[in-house]
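Trainee: My structure is below; once you've seen it, I'll send some questions.
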């Protein structure tokens, strides 16, 4: 619980000029203060009602008052006078609240509530010379309702530091000089009994003393508390106490004795008597540290009750301010009989002297701050349950697929953020570029050129050769030579497309049924289109030749499918992708076993099981869950070493670049329109096929991880939920800590802190996610980011809402 000084200085008057107001807020034991200026307008109507309330509604109640020299004028029945006083108090409170709600005062009011926390202990000093303002019911300001540990005191704009007294090194009881003055018509014996029963107190009573006795006691003995009970009054702004039936004096007549008492350590003066503001005017000139007085004539029962409630709290360790607040608020229980009872007690504070507590009055070192109670301790529960709510909301949004486009974009970013990998030395790319097409007869290449390419490459002993070129129809001359090449060499492959209409993308009709399966691989890519995702359509499947939409991105790798899943009879009969055919050929030659489907109908390549993507996989919420598809773990922008077709046909190729390798031949020329979008940008289709081949080979031979997700429990994303909850908790706990830390006067500390926290959490989340995906684990990145942002916003909103209601 932080301690805060708040000073509200008012300079002016109520009748004509209004008040120039200055607000200062300062944390205890800190030198820097916040200062804001404002204005309270003149309010002659409220001033007139203030005077009428105290003079015409309160004083004629006819109760036994601790005041002397005023005759009580009885008018009407007592019940009617009580009602009149209560109604007058209500009108005054309404006028007062309206005055404080003046537009010119709102900058101070808003800043006050922005800077303070509900759990702060707040000492609010109303610093003014204006007596009318001192008589206003400041405790009725709604500020005190919202800050339960705040209490107000009066102070003067002019103040002087109290000269520190020489303190005893030995602890002692609290030394109290109790002056029991003239008590005709009032019961001061109750005050005497309360004082006599105080713990750790040495009370010296002076009962109706004469002036000399009182003065001598002030001089002779050090006192911690001066107490007076009896009659008193204020006349022409000067306070007078009646010390016995015949003698009265003003405090200025005791100024030397009082000054001596202050020099010897007097800390607190309590005048449990009437009309104490006049006494304050004299005491403040002596720089007495703290005083408690009654603003107006006080009814005997009210004075007794206040003293009882105050001493109970103060003597048992409560602070001076909170003891006064508790005692004042408990007086409300008497207001049905004694209107405005809780308006009367007020603290007067010397600004430069910290208020004492019962511990320090005994000469002991200041007690260490008490450990916060459960109600004031940092509330961990609120950010936890808010994080749970946020996590559930994010999981629902994720389940509906609304985050899928953003997760996929983040996935691309994470792939690009990984450390660079070397190219796959087992793969050679033969690129057909614009120069090759110009020299070899244009696009598409003729069958004769392809047959010539096979002749050259086969002499260099590759593991397999694959053409990423469709050859359902003859192209130029050399058709038979090309078909013969396929019949002679079982390591020669071409492509078809099963999901394209018509015959142009089918396998060569000259192939036998066996060749249709064993020497052809489909070239279809799985596309992620934001349009299709937002409409909840099934996965798009198309060939590289038909990709015209710039938003389509290849992130998944389809290795095989069941022809029974295709609604029409395809012209592409093979159930295997080109990448699968090439990888299977290479691994067979390398002696890897087994190469088959296991009991779960998953492909088994040696020790690696190619587990297909489930219907809900990481960001994806609507996959078919039937075909054998994987996430495509790209190596980098270029998958393997690349050469031009011209260098192959002109004999410039190093034989070691071909021997025991997989050779893929495909177009990179723009005229072929064979480029597709990938997480690494636009890429030729033959490159994508090479990445797919490399993924299968690297998984089986190099233990390079395939990209997976957090496991589900009975189809429920429990671990995803824990991941999201963890980041949500970090965001909410950080925000709660930021709002609950000791306040600073720097207004932008919270927005800057939230910005820094969000950036830091984003950076940490990104580093964790990049590390995870490098190891083959795709974590829900945007879901976590969304949860952090939402948690921070929710906690900040709750905290700001709480501040507004303080």
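The values are calculated or read from the model by the stated rules, or taken from the named source; none is laboratory data. The structure presented is a predicted model; accordingly, all values stated were derived computationally and were not measured. Glycine also receives a Cβ, built like all others from the backbone with ideal geometry; neighbour counts cover every protein chain displayed.
Trainee: Looking only at residues in segment 191-214 that are closer than 23 Å to residue 361 by Cβ and part of a helix (DSSP H, G or I), which one is farthest from the chain's Cα centre (by Cα)?
Mentor: Checked segment 191-214; the qualifying residue farthest from the chain's Cα centre (by Cα) is 214.
Trainee: Being touching a helix residue (DSSP H, G or I) at 6+ places or on another chain (Cβ under 7 Å) and in a helix (DSSP H, G or I) is the filter; apply it to segment 689-719 and report the residue that is surrounded by the fewest Cβ atoms within 10 Å (Cβ to Cβ).
Mentor: Here the residue is 700.
Trainee: For segment 215-232, give me each residue that is under 15 Å from residue 267 (Cβ atoms) and assigned to a helix (DSSP H, G or I).
Mentor: Within segment 215-232, just 218 meets the criteria.
Trainee: Is it the case that segment 370-383 has a residue that's crowded, with 20+ Cβ neighbours inside 10 Å and modelled with pLDDT under 90?
Mentor: Yes: one or more hits.
Trainee: Restricting to segment 633-650, name every residue that is under 27 Å from residue 557 (Cβ atoms) and assigned to a helix (DSSP H, G or I).
Mentor: 645
Trainee: If you check residue 665 against the conditions, is it touching a strand residue (DSSP E or B) at 6+ places or on another chain (Cβ under 8 Å), in a strand (DSSP E or B) and touching a residue at least 60 places away in the same chain (Cβ under 8 Å)?
Mentor: yes
Trainee: Out of (1) within 53 Å of the chain's Cα centre (by Cα); (2) closer than 26 Å to residue 681 by Cβ; (3) exposed (fewer than 15 other Cβ atoms within 10 Å of the Cβ), what's the single condition that is false for residue 434?
Mentor: (1)
Trainee: Do you know which residues across segment 236-251 are touching a residue at least 40 places away in the same chain (Cβ under 8 Å) and under 12 Å from residue 281 (Cβ atoms)?
Mentor: 237, 238, 239
Trainee: Among what's in segment 459-491 and is in contact with a strand residue (DSSP E or B) (Cβ under 7 Å, 6 or more places away or on another chain) and more than 17 Å from residue 689 (Cα to Cα), pick the residue that is surrounded by the most Cβ atoms within 10 Å (Cβ to Cβ).
Mentor: 471
Trainee: Still on this structure, please answer the following. Give me a count of the residues in segment 492-523 that are in a loop (DSSP other than H, G, I, E, B), touching a helix residue (DSSP H, G or I) at 6+ places or on another chain (Cβ under 9 Å) and surrounded by fewer than 23 Cβ atoms within 10 Å (Cβ to Cβ).
Mentor: Qualifying residue count, segment 492-523: 5.
Trainee: Which is buried (at least 18 other Cβ atoms within 10 Å of the Cβ) and at pLDDT below 85, of 790, 754?
Mentor: Just a single option satisfies the conditions, and that option is 754.
Trainee: Here is a list: 630, 653, 626, 613. Which entry is in a loop (DSSP other than H, G, I, E, B), within 30 Å of residue 396 (Cβ to Cβ) and in contact with a helix residue (DSSP H, G or I) (Cβ under 8 Å, 6 or more places away or on another chain)?
Mentor: So the residue among 630, 653, 626, 613 that is in a loop (DSSP other than H, G, I, E, B), within 30 Å of residue 396 (Cβ to Cβ) and in contact with a helix residue (DSSP H, G or I) (Cβ under 8 Å, 6 or more places away or on another chain) is 626.
Trainee: Then there is this: Being modelled with pLDDT under 90, surrounded by fewer than 19 Cβ atoms within 10 Å (Cβ to Cβ) and over 23 Å from residue 671 (Cα atoms), is that true of even one residue in segment 540-547?
Mentor: yes
Trainee: Moving to a separate point now. Please tell me if residue 428 is in a loop (DSSP other than H, G, I, E, B) and crowded, with 17+ Cβ neighbours inside 10 Å.
Mentor: It is false that residue 428 is in a loop (DSSP other than H, G, I, E, B) and crowded, with 17+ Cβ neighbours inside 10 Å.
Trainee: Residue 592 fails exactly one of the following numbered conditions: (1) modelled with pLDDT under 90; (2) assigned to a loop (DSSP other than H, G, I, E, B); (3) surrounded by 13 or more Cβ atoms within 10 Å (Cβ to Cβ). What is the number of that condition?
Mentor: With (1) modelled with pLDDT under 90; (2) assigned to a loop (DSSP other than H, G, I, E, B); (3) surrounded by 13 or more Cβ atoms within 10 Å (Cβ to Cβ) applied to residue 592, the lone miss is (1).
Trainee: Please report, ordered by residue number, the helices (runs of 4 or more DSSP H) entirely within segment 250-367 with at least 3 residues that are on the phi < 0 side of the Ramachandran plot, more than 45 Å from the chain's Cα centre (by Cα) and surrounded by 19 or more Cβ atoms within 10 Å (Cβ to Cβ).
Mentor: So the answer is 255-263, 277-285, 300-314.
Trainee: Take segment 434-481 and flag every residue that is in contact with a helix residue (DSSP H, G or I) (Cβ under 9 Å, 6 or more places away or on another chain), more than 22 Å from residue 506 (Cβ to Cβ) and outside any helix (DSSP H, G or I).
Mentor: 440, 441, 442, 459, 460, 461, 463
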